[in-house]
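Reading through the structure tokens given below for one structure.
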Amino acid sequence: IQRAMLESATKWTTIELTGTINWYPPPAQSYQEHIWIDLLNDRFRVEFMSIDGEPTNILKISDGATIYDVNLIANQMQTYAYPDFARVGQYVVPLEKGFGYSHPMWGQMGTQLSEMAFPGNLAQTEGTFTALGIESIAGRDALVIDWTYIENDAPSIKFWLDTKTAVILKSQDFGKGGSTTLQGERIITQVIYNQELDMSLFTAPIGLPQAVIPAEAGDLPFVTESGLPIEKEAGELYFFLQPRQAGQSIELARVSGICVFDSANCPPLEKIQTPFPFNFTLSALSWSPDGSKAAFAYADNANGTPQKLFIFDPENNTWTSLAQFPYFDPPFWSPDGTWIAFRTQDGLGGEHVYVMHRDGSDLKNISANLPAAGKPYVMDGWYTENIIMRSASLASQGSIYLVRASDGFAKPMFDTLLTKAQFIASPDASLLAYDDFDYNTQQHVVKVMEPDAANPITLATFSGGGLYPLVWSPNSQLLAFNYNGFENNNPTAEVYISNRDGNKISLVYIGNSVGRLVFSPNGQYLLVEETTSATGGHLFLINLATAELHQNILQAPGLTTDYDWYAPSWRP
């Protein structure tokens, strides 16, 4: 049984599946999926439907080069490249004790029905497969199987395998602990193998309009200009220098915060020596609250994997490896600086969230208790001693959880389902900021509310476009956010500042495309990462104590616009 499941993808080249998904623990969910997969050409299409067969507003497509997340009703789309590691065709999933690998294409699709087309991750070693008989599902013979985890007495999963291909035609989930209570059920109602699929299935819609109605800008200032800070209070800016000429390497640089507050006494730019070359995608350094250390995930070998989680000591310029996994998402420090949380991916569809102490001790997986129906999950940051985890499943209905770092205890963040949004906790944990987006009206509403969802306040409203990122000032009094839109078919970026009460909002920056927003440690300046300015990707400074809309580029001796500057962080 295991071998058949591991080799299932070698039994077909294209597949079309239609089926129904039901999850019973509250909040109950029921919907349908219709999927097409062209295995040899890295193409797929996923359509979601209501339980009565009516199309919903979400669609996912791969044309073999690009993956498209499409909002059908709003006619809006997000795109990202199909990863090279997922181009494996009729991949045979490895069998390794203690692991449940999956087909890399399923990792890109990530839906409940597509998992049934790739059963390899369910062929786990630490359990018992018991064949119960043969039944007919979707007009095909299916072997009925109980899978019981090695530490349990009752089955955790019951599934029906196509006897010709080992594709799962039906599954019932009883929870990892095993029980007689049905938690979820997936049933294939139609399956077609090896048909010739029309290319139009994998073509993304074109001409997706985005309406732009910017919010009204108010008046600055937001802060009172203080005296010049000493060097330690000014902090340090870290960012990467991207050369524009072939044969040159990316470098990590730092500039004293004095250059922002007192340009006449600005020391020269420094380049930081690293024990590895920068050959792969980079993210910003993640600083501990006290600024003594930075966490940074990167691969120090030519293969790009595995990656290591390094701790950078800026005083001694040392890099210490604390953990190693195939791939890391950017790490987050806990508010008290005692924990580092990070999400890992195995490149094969598996993902987990771990925490560890800043010295690398007490490494533990804390995502195991999250409901399977919401997988995959992403980590949005910390709220007190908990990590905010949000379902990234296209079919999930706003499932957001608080996961306690010490023991992995997970509980819903809110008593009722709210918008499926990223919630950003203020540093003092008194407020949550989020983008309340309505897919039907295409309206973005920037809101803040108390942690129990009480007393929501609207800060700004936009039509169309997108909102990212949202960033709190260190003292939790101000919120900065960027609105992306289009004007005359050209991208635009508008950065706004609002106070926490929502009674003052001002436009502080206008550009083309903004990546990161970073407040200075004293909250007087906002650093804007402009990725496509007239001179390339550079960093601009907004003085929040003035009443003018300035776009002042960062300056320091030795810093030149012959390079692109990106992925900034501000060490406190």
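The values are calculated or read from the model by the stated rules, or taken from the named source; none is laboratory data. Here the structure is a predicted model, which is why all the values come from computation and not from measurement. Cβ sites come from the backbone with ideal geometry, for glycine too, and all protein chains shown count toward neighbours. The protein model used for the area step is the full one, side chains on, heavy atoms only, and it has no ligands, DNA or RNA in it. Shrake-Rupley method; radii C 1.70, N 1.55, O 1.52, S 1.80 Å.
Assess whether Ala429 counts as being modelled with pLDDT of 85 or more, closer than 27 Å to Ile58 by Cβ and of a type outside the set (D, E, K, R).
Values: modelled with pLDDT of 85 or more: yes; closer than 27 Å to Ile58 by Cβ: no; of a type outside the set (D, E, K, R): yes.
Judged against the criteria, Ala429 is not a match.
Picking from Thr189, Thr130, which residue would you name as being open to solvent by 10 Å² or more (accessible area, probe 1.4 Å), among the β-branched types (Val, Ile, Thr), farther than 29 Å from Met49 by Cβ and modelled with pLDDT of 85 or more? Give the derivation first.
Details: Thr189 fails: farther than 29 Å from Met49 by Cβ.
Just a single option satisfies the conditions, and that option is Thr130.
Kindly indicate which of Ala131, Ala117, Ala142 is of a type in the set (A, V, I, L, M), closer than 17 Å to Ile35 by Cβ and out of contact with any His (no Cβ under 8 Å at 6 or more places or on another chain).
Ala117
When residues of region 157-185 are filtered for being buried (at least 19 other Cβ atoms within 10 Å of the Cβ) and hydroxyl-bearing (Ser, Thr, Tyr), how many remain?
2
Of the residues Ala299, Ala284, which is touching a Phe, Trp or Tyr at 6+ places or on another chain (Cβ under 9 Å), touching a residue at least 40 places away in the same chain (Cβ under 8 Å) and open to solvent by less than 70 Å² (accessible area, probe 1.4 Å)? Before the answer, list the steps.
On the way: Ala299 fails: touching a residue at least 40 places away in the same chain (Cβ under 8 Å).
Only one candidate passes the filter, namely Ala284.
Which numbered condition trips up Gly291, out of (1) on the phi < 0 side of the Ramachandran plot; (2) assigned to a loop (DSSP other than H, G, I, E, B); (3) open to solvent by less than 40 Å² (accessible area, probe 1.4 Å); (4) not acidic (Asp, Glu)?
(1)
List pairs: first residue in region 235-254 and over 23 Å from Gln524 (Cα atoms), second residue assigned to a strand (DSSP E or B) and of a type in the set (Ser, Thr, Tyr) anywhere in the structure, Cβ distance under 8 angstrom, at least six positions apart or on different chains.
Phe240/Tyr566; Leu241/Tyr563; Gln242/Tyr563; Gln242/Tyr566; Pro243/Tyr563; Arg244/Tyr563; Leu252/Tyr238
Go through region 503-552 and give me each residue that's open to solvent by 20 Å² or more (accessible area, probe 1.4 Å), in a strand (DSSP E or B), modelled with pLDDT under 90 and not polar (S, T, N, Q).
Hits for region 503-552 are Ile505, Leu507, Ile510.
Can you pull out the residues in region 131-162 that are among the hydroxyl-bearing types (Ser, Thr, Tyr), within 26 Å of Lys375 (Cα to Cα) and assigned to a strand (DSSP E or B)? Full working, then the answer.
As a first pass, look at region 131-162 and keep what is among the hydroxyl-bearing types (Ser, Thr, Tyr): 136, 148-149, 156.
Retained after the next criterion (residues that are within 26 Å of Lys375 (Cα to Cα)): 148-149, 156.
Hits for region 131-162 are Thr148, Tyr149.
Of the residues Asp42, Asp38, which single one is on the phi > 0 side of the Ramachandran plot and either out of contact with any Ser or Thr (no Cβ under 9 Å at 6 or more places or on another chain) or buried (at least 19 other Cβ atoms within 10 Å of the Cβ) (or both)?
On the way: Asp38 fails: on the phi > 0 side of the Ramachandran plot.
It is Asp42.
Just need a number here: residues in region 253-278 that are of a type in the set (Lys, Arg) and either out of contact with any Phe, Trp or Tyr (no Cβ under 9 Å at 6 or more places or on another chain) or open to solvent by less than 20 Å² (accessible area, probe 1.4 Å) (or both). Let's see the steps before the verdict.
Pass one, region 253-278, residues of a type in the set (Lys, Arg): 254, 271.
Applying the additional criterion that residues be either out of contact with any Phe, Trp or Tyr (no Cβ under 9 Å at 6 or more places or on another chain) or open to solvent by less than 20 Å² (accessible area, probe 1.4 Å) (or both) yields 271.
Residues that pass the stated criteria total 1.
Are any residues in region 314-349 within 24 Å of Ile424 (Cβ to Cβ) and outside any strand (DSSP E or B), and if so, which ones?
Asp329, Pro330, Pro331, Ser334, Pro335, Asp336, Gly337, Thr338 - these are the residues of region 314-349 that are within 24 Å of Ile424 (Cβ to Cβ) and outside any strand (DSSP E or B).
Would you confirm whether or not region 63-71 contains a residue that is open to solvent by 40 Å² or more (accessible area, probe 1.4 Å), at pLDDT 85 or above and part of a loop (DSSP other than H, G, I, E, B)? Talk me through it step by step, then tell me what you get.
Within region 63-71, the first condition is being open to solvent by 40 Å² or more (accessible area, probe 1.4 Å), and the residues that meet it are 63, 65.
Subset that is at pLDDT 85 or above: 63, 65.
Now drop any that are not part of a loop (DSSP other than H, G, I, E, B), which leaves 65.
Yes: one or more hits.
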